[in-house]
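To start, the structure itself, in structure tokens.
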Amino acid sequence: MSGLRLGCVIGPLLGAMWMLVLSTTVTVAMSFATGEVFRPSSLLSLVVGATLALIALARSADRLSLVVAVVALTAVSYVGLGPMVIGADVDNGTRAVGAALLAVSSGLSLWKILEGCPFGTLSRHEFEEAVIRFLTGFGFIVFTAAVLVPFYVMVMTSLKSQQALLANPLDFSIDFSRGWDLFRSYTELFRDFGFGGYLWTSFFVSVLTVVITLLFSVPGAYAVARLRFKGQAVFSRSILLIYMVPMIVLALPIYIAFSVTGLRNTLFGLILIYPVTTIPVALYMLQGYFRGLPVEVEEAGLMDGLSRLQVILKITLPLSLPAMVSVSLYVFMIAWNEFLLAFMLLDDPSKFTLTRGVAMLNSSEIPRQHLMAGAVIATIPIMVLFLGLERFMTKGLTAGSVKG
């Protein structure tokens, strides 16, 4: 088997596939960014990728060969003979940027993928390491594209004028000559559609959902983790049973019950139902963390005369800050992004949450750029919040996974 793992075979194979992936990625990125014609050449991508891989295998840690290969690839791509086909009407500056971007990214990444691989027979470790690097890079590109491309299209569309969208809906470049008029869709949303009120309503409902969820889930999770009572094991294992029932199945009973009781079309009804969907997952997350805390610390507090409630407030909760932050962030995101219940229970535009307000923009009478601007407004705050508190969320989610 080891005799079949020849670097002169595996290297060009990985290089050909990697160049095909990168040429597709770069051409799509350049097309979106400039609105010009860029497309990959499958055959030339395979040939150039295999050639670069052979150079990488024979380079003997010589960086000069990397520089020469990148410059040569930039030149052939610039004149249209490389992995990237560029439209004839693309200006020289844009053409040079696209060619250099493809050459530098493919050269550096391919050198890294094949680092340490000999031209001859590969060991099992060398073979697996090269394949893992290729799969890691491929997965990173696919995941990044799946996340960034829709977001980029959404943002660029929100910055378009109605005339530009009608002229070319697939042009996602930015016309900076418009100045502040680029943000016209956003100003009109706040001025004419009341998006300031939607933002405040979503924030208010989400914060109250977090508070109510923590008020119920903290003592419940602590009881499951620390106290001994009949049915504890059954309760602990059945916390997430509510998620086995799809929300769409519960939609009609909730609608009927809220209509009969007069809670439909009220924020109080929304605040009442949201914690029902978040308390189970908060209980599940917190009980795992509480179990991981050393019980000796709490027992010492009890021996010093503290009550069980004081132990929770003065010892357990301060030690559980990472878990509390992660649970709060997770619950806030659920409440902020919730759409089905808000769409079903709210009819008065003055009480709309942000997701309900964005859905209102999905109409043939409202320009498409306003819908995209509303989606950006709904996405940016939660994205900033998540990125700012991501380290707490990661720490809180993993802290209870190992006991001790």
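Descriptive notes on the structure:
- Elements of the type helices (runs of 4 or more DSSP H) sitting completely within the stretch 319-386 and holding at least 2 residues that are surrounded by 22 or more Cβ atoms within 10 Å (Cβ to Cβ) and in contact with a Pro (Cβ under 8 Å, 6 or more places away or on another chain): there are none.
- Candidates PRO280, PRO275, PRO253, filtered to the one that is of a type outside the set (A, V, I, L, M, F, W, C), more than 30 Å from SER350 (Cβ to Cβ) and either assigned by TED's automatic domain parsing to the domain that holds SER206 or assigned to a helix (DSSP H, G or I) (or both): PRO280
- Taking the stretch 175-198 as the range and being outside any helix (DSSP H, G or I) and under 19 Å from ILE377 (Cα atoms) as the test, the residues that pass are PHE193, GLY194.
- For LEU341, the conditions (1) of a type outside the set (Asp, Glu); (2) modelled with pLDDT of 80 or more; (3) over 21 Å from VAL276 (Cα atoms) all hold with the exception of (3).
- Check on GLU128, charged (D, E, K, R), assigned to a helix (DSSP H, G or I) and in the same structural domain as ILE10 (by TED's automatic domain parsing): yes
- Filter result for PRO83 (at pLDDT 85 or above, more than 29 Å from ASP175 (Cβ to Cβ), touching a helix residue (DSSP H, G or I) at 6+ places or on another chain (Cβ under 9 Å) and assigned by TED's automatic domain parsing to the domain that holds THR121): yes
For every residue, the table says whether it meets (1) of a type in the set (Val, Ile, Thr); (2) within 13 Å of THR25 (Cβ to Cβ).
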residue	(1), (2)
LEU108	no, no
GLY120	no, no
ARG133	no, no
ILE141	yes, yes
LEU148	no, yes
PHE151	no, no
LEU159	no, no
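- Residue list for the stretch 10-56, filter: in contact with a strand residue (DSSP E or B) (Cβ under 9 Å, 6 or more places away or on another chain) and in a loop (DSSP other than H, G, I, E, B): GLU36, VAL37, SER41
- Checking ARG184 against (1) loosely packed, with under 15 Cβ neighbours inside 10 Å; (2) within 28 Å of SER350 (Cβ to Cβ); (3) of a type outside the set (A, V, I, L, M, F, W, C), the condition it does not meet: (1)
The values are calculated or read from the model by the stated rules, or taken from the named source; none is laboratory data. In this text, all values refer to a predicted model and were calculated from it rather than measured experimentally. No Cβ is skipped: glycine too gets one built from the backbone with ideal geometry, and neighbour counts run over all protein chains shown.
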